[in-house]
Amino acid sequence: MKHIVCFHLFNDYSGSPKVLKMVLEGLLKKGYPVDLVSSKGGVLDELLSYKNLRKHSYPYKFSNNPLLAMLRYSLVQLYTFFLAFRWLFRKDVVFYINTLLPVGPALAGRLMCKRVVYHYHENAFVKGAFYKTLAALMQKLAHEIICVSKYQASFLKRTNGVTVVPNALPKEFTDRLVFNPEAAFDRKTVLMLSSLKEYKGTREFITLSQRLPDYKFVLVINDTQKNIDKYLENNNLTNIKGGVI
């Protein structure tokens, strides 16, 4: 049986760690031994009850200061690069890299001749040079790349070893859904779950809400109340009602 060693940079409650939690939970229930390397304090900590999971944690958080953010990121890459060599002599090890960011362990995995699988959630080609560089490295280092859509995969220069697996919703969530399109249409409610990153389309969503007053727009943001208030103030949107969930 394959031994899965998974690397994820920042363990919070955003989309990519939630998808990773579903993937790992499926593997753990099938009996796969899993080592998870990530930060503390997010949705991935909910997996700690599984006996076939070992968690390796480090302190990490984002910073709005670009220099500090890059320093913290680089230190984690250096740490996880050397940590990865603890599996040097383990057979049947697969390095599972969640998102583009954990490039250090991906490089270590290739140096050790381990199979390296990337789960590629973001579209690097709508971002800056940093993410485009990471995407280029991914295409060199990965044995297999799992993309979340055909559209996302179409930006890659590489075509071999690329698999499309759309993101799914947890079963405990879908089991509670009642499919009633007529009632949904009558409610005229538009829901968006996102972060405050500009490329997510938050500003466009707010603009639509202002242009379509007959509809109710609900925006759920994965961030602190302080950052949300600052975003609204900077964009002259203080008239928008909001609260913490």
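The values are calculated or read from the model by the stated rules, or taken from the named source; none is laboratory data. All of these numbers come straight from a predicted model, not from anything done at the bench. Every residue, glycine as well, gets a Cβ built from its backbone with ideal geometry; the counts of neighbours run over all protein chains shown. Note: areas computed on protein heavy atoms with side chains; ligands, DNA, RNA excluded. Shrake-Rupley method; radii C 1.70, N 1.55, O 1.52, S 1.80 Å.
Points to keep in mind about this one:
- Any hit, the stretch 220-237, residues being in contact with a strand residue (DSSP E or B) (Cβ under 6 Å, 6 or more places away or on another chain), at pLDDT 80 or above and part of a strand (DSSP E or B): yes
- Any chance R72 is at pLDDT 95 or above, surrounded by fewer than 19 Cβ atoms within 10 Å (Cβ to Cβ), of a type in the set (K, R) and closer than 19 Å to N11 by Cβ: yes
- Residue match in the stretch 110-128 (condition: in a strand (DSSP E or B), out of contact with any helix residue (DSSP H, G or I) (no Cβ under 6 Å at 6 or more places or on another chain) and open to solvent by 80 Å² or more (accessible area, probe 1.4 Å)): yes
- When residues of the stretch 196-214 are limited to those that are of a type in the set (V, I, T) and over 18 Å from the mean Cα position of the chain (by Cα), the one surrounded by the most Cβ atoms within 10 Å (Cβ to Cβ): I206
- Unmet requirement for H56, which otherwise passes all of (1) in contact (Cβ under 8 Å) with a residue 60 or more places away in the chain; (2) under 26 Å from L134 (Cα atoms); (3) not in a helix (DSSP H, G or I): (1)
- Condition check for K61: open to solvent by 20 Å² or more (accessible area, probe 1.4 Å) and not in a helix (DSSP H, G or I): yes
- Filtered residues of the stretch 84-109 (kept if within 15 Å of H56 (Cβ to Cβ), open to solvent by less than 10 Å² (accessible area, probe 1.4 Å) and part of a loop (DSSP other than H, G, I, E, B)): P102
- With respect to the stated conditions, K21 fails to be assigned to a strand (DSSP E or B), surrounded by 12 or more Cβ atoms within 10 Å (Cβ to Cβ) and at pLDDT 95 or above.
- Number of residues in the stretch 149-195 that are out of contact with any strand residue (DSSP E or B) (no Cβ under 6 Å at 6 or more places or on another chain), free of Cβ contacts under 8 Å to residues at least 40 places away in the same chain and either open to solvent by less than 50 Å² (accessible area, probe 1.4 Å) or not in a loop (DSSP other than H, G, I, E, B) (or both) equals 17.
- Qualifying positions in the stretch 115-173 - more than 24 Å from A69 (Cβ to Cβ) and of a type in the set (V, I, T): V116, V117, I145, I146, V148, T159, V162, T163, V164, V165
- Residue identified as over 21 Å from P166 (Cα atoms), in a helix (DSSP H, G or I) and either touching a residue at least 12 places away in the same chain (Cβ under 8 Å) or open to solvent by less than 50 Å² (accessible area, probe 1.4 Å) (or both) among F10, F81: F81
- All positions within the stretch 30-57 that are among the basic types (K, R), open to solvent by 50 Å² or more (accessible area, probe 1.4 Å) and over 18 Å from Y73 (Cα atoms): K30, K51, R54
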